[in-house]
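Student: Handing you a structure now.
The values are calculated or read from the model by the stated rules, or taken from the named source; none is laboratory data. Keep in mind that this is a model prediction, so the values were computed, not measured. Counting neighbours? That spans all protein chains shown, and the Cβs are built from the backbone with ideal geometry, glycine included. Each accessible area value is taken on the protein alone, full model and side chains, heavy atoms only, with ligands, DNA and RNA left out. Shrake-Rupley method; radii C 1.70, N 1.55, O 1.52, S 1.80 Å.
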Number of protein chains: 2
Amino acid sequence: MANEYDRLQTLADQRGIFFPAAEIHGSLAGFWDFGHTASNIRRKIVDLWRREVVRRLGSIEMEGCLILPKKVFEASGHLKSFADPLVVCTKCKRSFRADKLLEDVLKTEIPEALSKEKFDEMIKENNVKCPSCGGALGKTDKFNMMMGLTVGPVAEGYNAYLRPETCQSIFASFMKIYKTSRVSLPLPISQVGKSFRNEISPRQSLLRTREFTQMETEIFFNPKNIDDCREFEKVKDYKLRLKLLGEDKVKDVTVAEAYEKKLVSGKSPAYWLYVCQNFFEKCGITREKMRFRELEEDARAFYSKETWDFEVLTSTGWLELVANNYRTDYDLKSHSEVSGTDLSVTENEEKFIPHVWEISIGLDRTFYTTLELALSERDKKPLLSLPRYLAPYDAVILPLVRKDGVDKKAKEAFDLLKLDFDVKYDEKQSIGKRYLIYDALGVPLAVTIDYESLENDDCTIRDRDTAKQRRVKISELPEILRKMRRGEDVF
Amino acid sequence: MANEYDRLQTLADQRGIFFPAAEIHGSLAGFWDFGHTASNIRRKIVDLWRREVVRRLGSIEMEGCLILPKKVFEASGHLKSFADPLVVCTKCKRSFRADKLLEDVLKTEIPEALSKEKFDEMIKENNVKCPSCGGALGKTDKFNMMMGLTVGPVAEGYNAYLRPETCQSIFASFMKIYKTSRVSLPLPISQVGKSFRNEISPRQSLLRTREFTQMETEIFFNPKNIDDCREFEKVKDYKLRLKLLGEDKVKDVTVAEAYEKKLVSGKSPAYWLYVCQNFFEKCGITREKMRFRELEEDARAFYSKETWDFEVLTSTGWLELVANNYRTDYDLKSHSEVSGTDLSVTENEEKFIPHVWEISIGLDRTFYTTLELALSERDKKPLLSLPRYLAPYDAVILPLVRKDGVDKKAKEAFDLLKLDFDVKYDEKQSIGKRYLIYDALGVPLAVTIDYESLENDDCTIRDRDTAKQRRVKISELPEILRKMRRGEDVF
């Protein structure tokens with residue numbers, strides 16, 4: 001299975017899809033830059049999320065600072081408890097996560113929240129050594145993953161931190177947004193943006209990084225009204241893919257059943273799971289490869305009353321892309337206590353602290369997974385069958401040759417399209433070679449300009465998925481691309 | 001003139017357009033959060049930039065890390081010289097920028113690059129005291145504005161920094177992008193993203209912050225081909241607004257003249273200035289309020305051969321929104337030297353280090369300026385006349401009353417539109433009050449659902465700018481909004 005993982009890494013490196021940041025200066029582990037194809041695909045995933053999650057939920061968006069004052073993380077609990085178990089090799093001084101080392105040796109899941117002493121005991125019992133040099137491991141320590149900063153010219157020590165999750169901006173600004181957005185509860189607030197964690201050992205390229213992007217929605221609601229859900233009826237027959245506690249298999253369970261059998265806390269959460277799964281179906285991921293894994297109490301974040309990890313089957317196994325958490329009133333309560341600001345709301349003469357349901361989607365893993373599952377081979381050459389609306393470019397413009405005015409004509413076609421569409425121009429190497437390259441990058445349409453084009457103002461269009469070709473006028477291209485965007489067949 | 005500034009601040013605070021980040025926890029100066037209207041407007045400014053700058057230039061985009069290893073900033077020179085003159089009050093311990101203090105007292109521009117001794121001398125000569133408590137000021141120090149970080153569990157001291165400008169990601173990854181993007185020079189690479197500067201005294205809300213967003217394009221080109229510009233002919237009669245060195249007034253100078261009179265380094269730079277100015281015209285800023293200010297050698301960044309600050313006249317005076325810099329081969333040369341990686345390219349059998357022209361646009365100032373200049377009054381109430389494509393919402397849906405099924409009908413209309421458009425639903429306060437609120441937020445269309453709607457499936461649409469109203473079927477709304485987006489008159 002590792003084959004697909006390696007294949008994507010190779011393609012990524014060869015085509016500059018993603019690569020270590022500042023490689024020429026000796027990169028730090030866990031930091032990745034995205035080239036032009038990735039940057040476009042990621043933007044389109046965010047656009048799709050905005051349509052299928054943000055707008056579908058009737059959510060508003062906000063944009064919060066990445067740097068937040070220390071007190072925010074006293075309130076959130078991160079300064080106290082956002083730590084991973086760290087062991088350092090006494091010989092080569094390399095650092096490792098104790099839970100991951102033990103998982104590799106024991107082939108079973110190890111909770112990261114065990115005590116330092118418990119980790120030391122397990123390392124000793126199982127005679128775990130440094131995987132790098134075989135040396136003896138030191139004592140386990142708890143390493144806080146917050147990245148501290150000193151803001152202002154006269155401050156000493158850390159007075160601010162990079163946020164480790166986007167939702168803290170939403171909680172800290174909730175009351176200002178609630179008071180000014182003129183929306184009654186339920187109020188979903190969404191945000192896409194960067195977060196940062198000082199991971200002990202980043203690994204597997206985009207799957208565990210120190211700088212990453214989240215697409216988060218926090219839905220604030222009155223727990224008494226958890227069953228008020230306007231959209232519930234419309235989607236009640238939609239089948240959720242649930243892996244329930246204590247069961248081995250994933251079951252198709254309708255939204256209605258999930259509610260009626262009390263598998264979820266109410267009608268609204270059942271609908272919110274639909275919104276999450278529907279987004280990933282639109283990313284092109286097949287139902288068979290997705291599931292909501294219900295988490296047991298000791299595997300959930302301590303504040304969560306109900307957690308469904310949305311996972312997708314990739315070459316690295318089931319990979320968590322989304323945490324769906326019923327965070328209750330934990331966040332607003334703690335921010336309220338630490339700040340001394342009342343964060344309760346009054347609606348219909350009832351005063352209460354809103355509860356929160358969270359849909360926290362990792363963009364990097366979504367991007368990685370979408371690519372891995374879209375990547376196959378045709379005649380032993382890579383083919384990236386992305387949905388058209390996620391393709392990095394709508395079309396690529398290819399002059400047959402780089403002379404005799406053919407390239408000039410191709411550049412005119414490019415100019416015709418460039419403002420309204422994502423198009424690329426490429427005149428390097430043979431046409432056949434270029435077709436293969438843009439098949440591998442998922443570009444749905446190749447437009448070839450040749451000698452005939454000079455006389456007839458026409459061109460050949462070629463379909464990525466079928467390799468079908470047909471001749472059209474250059475002036476028809478805008479309408480063809482518009483049709484393609486609407487999902488129509490243009491061949 | 002300060003009136004417009006205050007008016008926007010008041011509106012922003014009252015409507016939650018922007019506000020200090022984490023206010024409930026005691027915000028740090030220079031950090032601002034953006035609420036739903038701002039978040040939408042900013043996204044649309046970025047979309048407009050993508051069309052009018054990125055795509056118009058045929059640029060590709062990239063997305064680089066915000067955290068970069070120390071060596072990047074040894075190469076860029078930031079660690080050595082990115083410092084502002086700092087003075088601290090000996091009595092109240094407040095910090096100030098020496099150059100800004102002197103500017104306030106002497107009412108003239110003071111170069112920030114003067115020596116520490118020179119600042120001390122000027123402070124003494126002019127008897128400058130702490131503006132806050134009147135106390136004596138200490139000696140001037142040079143304060144580096146880079147925000148340092150310790151990445152990894154065993155590192156000591158700063159081994160990484162938050163980037164102070166997005167372009168450093170582009171320079172550090174240039175070679176990887178050049179080799180994999182299959183584009184010959186000129187190659188414009190663009191990026192939108194956050195940057196960070198530990199400003200001594202952030203002020204004027206969004207105009208000088210510690211965390212901000214840039215929309216940058218770095219155009220890599222062969223200096224010998226600076227006059228090769230396919231688009232030059234098409235725009236040669238476009239009038240640039242130039243404030244030339246030694247002249248008081250802004251002149252209209254055509255793109256062709258700017259080139260012919262050697263006011264710019266070549267045909268390409270003349271075109272690039274057009275691209276910049278055209279974008280701001282599309283933001284709705286009138287030509288009379290914009291200018292390119294040519295910078296003298298000692299006012300330019302030391303690496304720049306030619307600099308045009310694009311400025312807009314706001315209530316705070318002429319405000320710099322864009323730096324257009326001819327950075328020559330300075331950046332690639334230093335990154336090459338410090339990294340030991342050859343960053344020269346070979347094209348047409350010529351080996352050379354590409355030159356760079358930069359169009360560095362500040363999103364926060366662009367956002368601020370666009371709002372300030374769009375804000376006026378009608379009958380003493382604020383009216384925000386944003387271009388429709390920059391409006392936070394295409395339409396707002398307003399039920400006349402919150403009962404008798406009128407609100408339900410309005411929610412159905414909202415559901416009809418919500419996936420394809422930016423729409424908002426609002427049922428609070430009277431219709432008249434709501435019209436005023438959304439006029440002030442720049443929403444071009446208000447849709448009112450009333451008792452008649454229940455019988456006829458219709459609604460009243462109202463134009464923000466003329467307050468004209470007409471009756472249409474609810475089912476017509478999608479087509480009306482599509483027409484509006486295309487710029488057609490729907491009244």
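Student: Just checking the output field for A:52-65: average partner chain Cβ neighbours within 10 Å of each residue's Cβ?
Tutor: 6
Student: Could you run the Karplus curve 6.51 cos²θ - 1.76 cosθ + 1.60 with θ = phi - 60° over region A:361-374 and give me ³J(HN,Hα) per residue in whole Hz, x for Gly and Pro?
Tutor: The phi angles translate into 9, x, 5, 5, 5, 5, 4, 4, 5, 4, 5, 4, 6, 8 Hz.
Student: List every residue whose amide H lies under 5 Å from the amide H of A:R203, counting only residues 5 or more places away in sequence or on a different chain, with H placed 1.01 Å from N in the peptide plane.
Tutor: For A:R203, whose amide H was placed from the backbone, the distant partners under 5 Å are A:R208.
Student: Under a 1.4 angstrom probe, counting protein chains only, how are A:M290, A:M122 ranked by accessible area, largest first?
Tutor: Ranked from most to least accessible, the order is A:M122, A:M290.
Student: Along the Cα→Cβ direction, 7 angstrom out, place labels at B:Y451 and A:E125. What is the inter-label distance in nm?
Tutor: About 7.6 nm separates the two model spin labels.
Student: A follow-up question, please. Restrict the search to region A:283-368; then list the chymotrypsin sites (Phe, Trp or Tyr not before Pro) that DSSP places in a loop and that have at most 13 other Cβ atoms within 10 Å of their Cβ.
Tutor: A:F302
Student: If pairing requires two Cys Cβ atoms under 4.7 Å apart, which cysteines of chain B are left without a partner?
Tutor: Cysteines of chain B left without a disulfide-compatible partner: B:C65, B:C167, B:C229, B:C276, B:C283, B:C459.
Student: What aspartates and glutamates does B:K251 reach when the alpha-carbon gap must be under 20 Å and sequence neighbours fewer than 8 apart in one chain are set aside?
Tutor: B:D237, B:E260, B:E281, B:E288, B:E294, B:E296, B:E306, B:D309, B:E311, B:E320
Student: On to the next question. Please report, for B:D298, the nm distances (one decimal) from its label point, 7 Å out from Cα along the beta-carbon direction, to the equivalent points in the remaining copies, shortest first.
Tutor: Nearest first, the other copies' label points are 7.3 nm away.
Student: Are there GluC sites (Glu not before Pro) in region B:292-347 that DSSP puts in a loop and that have at most 13 other Cβ atoms within 10 Å, and which ones?
Tutor: B:E296
Student: 7 Å along Cα→Cβ for the label point: how many nanometres lie between B:P223 and each equivalent label in the other copies, listed shortest first?
Tutor: For B:P223, the other copies' label points sit at 6.9 nm, shortest first.
Student: Pull out a ≥ b ≥ c, the square roots of the eigenvalues of the alpha-carbon gyration tensor of region B:178-274, then state rounded if a/c is under 1.5, prolate if not and a/b is larger than b/c, and oblate in the remaining case. Don't skip to the end; give the middle numbers.
Tutor: Numbers: a/c = 2.77, a/b = 1.25, b/c = 2.22.
Verdict is oblate for region B:178-274.
Student: ³J(HN,Hα) across region A:64-69 via Karplus (A = 6.51, B = -1.76, C = 1.60, θ = phi - 60°), whole Hz, x for Gly/Pro?
Tutor: Per residue, the Karplus-derived 3J(HN,Hα) values read x, 5, 7, 9, 10, x Hz.
Student: Let me ask another. Cα-Cα over 21 Å: which of A:K243/A:K267; A:K93/A:K116; A:K424/B:K483?
Tutor: Working: A:K243/A:K267 19 Å; A:K93/A:K116 19 Å; A:K424/B:K483 28 Å.
Listed pairs above 21 Å: A:K424/B:K483.
Student: Which whole number gives the average, over all residues in B:151-158, of C-beta atoms from other chains lying within 10 Å of the residue C-beta?
Tutor: What the average comes to for B:151-158 is 6.
Student: Follow-up question, since we're still on this one. How far apart are the B:D47 label points across copies, placing each 7 Å from Cα toward Cβ, in nm, shortest first?
Tutor: In nanometres, ordered from closest: 0.9.
Student: Next question. Once phi is turned into θ = phi - 60°, what whole-Hz ³J(HN,Hα) does the Karplus curve with 6.51, -1.76 and 1.60 give for every residue of region A:227-243, x standing for Gly and Pro?
Tutor: The phi angles translate into 8, 7, 8, 4, 8, 3, 4, 5, 10, 5, 9, 5, 9, 7, 9, 10, 10 Hz.
Student: Return the average number of partner chain Cβ atoms within 10 angstrom of each residue Cβ along peptide A:133-139. Don't skip to the answer; put the middle values down first.
Tutor: Values: counts 0, 0, 0, 0, 0, 0, 0.
Average per residue, whole number: 0.
Student: Do any trypsin sites (Lys or Arg not before Pro) in region A:56-113 lie in a loop, going by DSSP, with at most 10 other beta-carbon atoms within 10 Å of their beta carbon, and if so which? Kindly include the intermediate steps, with their values, before the conclusion.
Tutor: Details: sites: A:R56, A:K70, A:K71, A:K80, A:K91, A:K93, A:R94, A:R97, A:K100, A:K107; in loops: A:R56, A:K91, A:K93, A:R94, A:K107.
Taking region A:56-113 and a limit of 10 other Cβ atoms within 10 Å, the loop trypsin sites (Lys or Arg not before Pro) found are A:K107.
Student: Taking square-rooted eigenvalues a ≥ b ≥ c of the alpha carbon gyration tensor, is region B:375-491 rounded, prolate or oblate, where a/c under 1.5 means rounded and, failing that, a/b exceeding b/c means prolate?
Tutor: Values: a/c = 1.77, a/b = 1.26, b/c = 1.40.
Oblate.
Student: Alpha carbons only, please: Rg and Dmax for chain A, in angstrom.
Tutor: For chain A, the Cα-based Rg and Dmax read 25.5, 80 Å.
Student: Now a separate question. If each DSSP helix of 4+ residues adds -39,500 (n - 2.57) and the sum is divided by the residues in chain B, what number results at 222 nm, nearest 500 deg cm²/dmol?
Tutor: Taking each H run of at least 4 residues, the total per residue is -9500 deg cm²/dmol.
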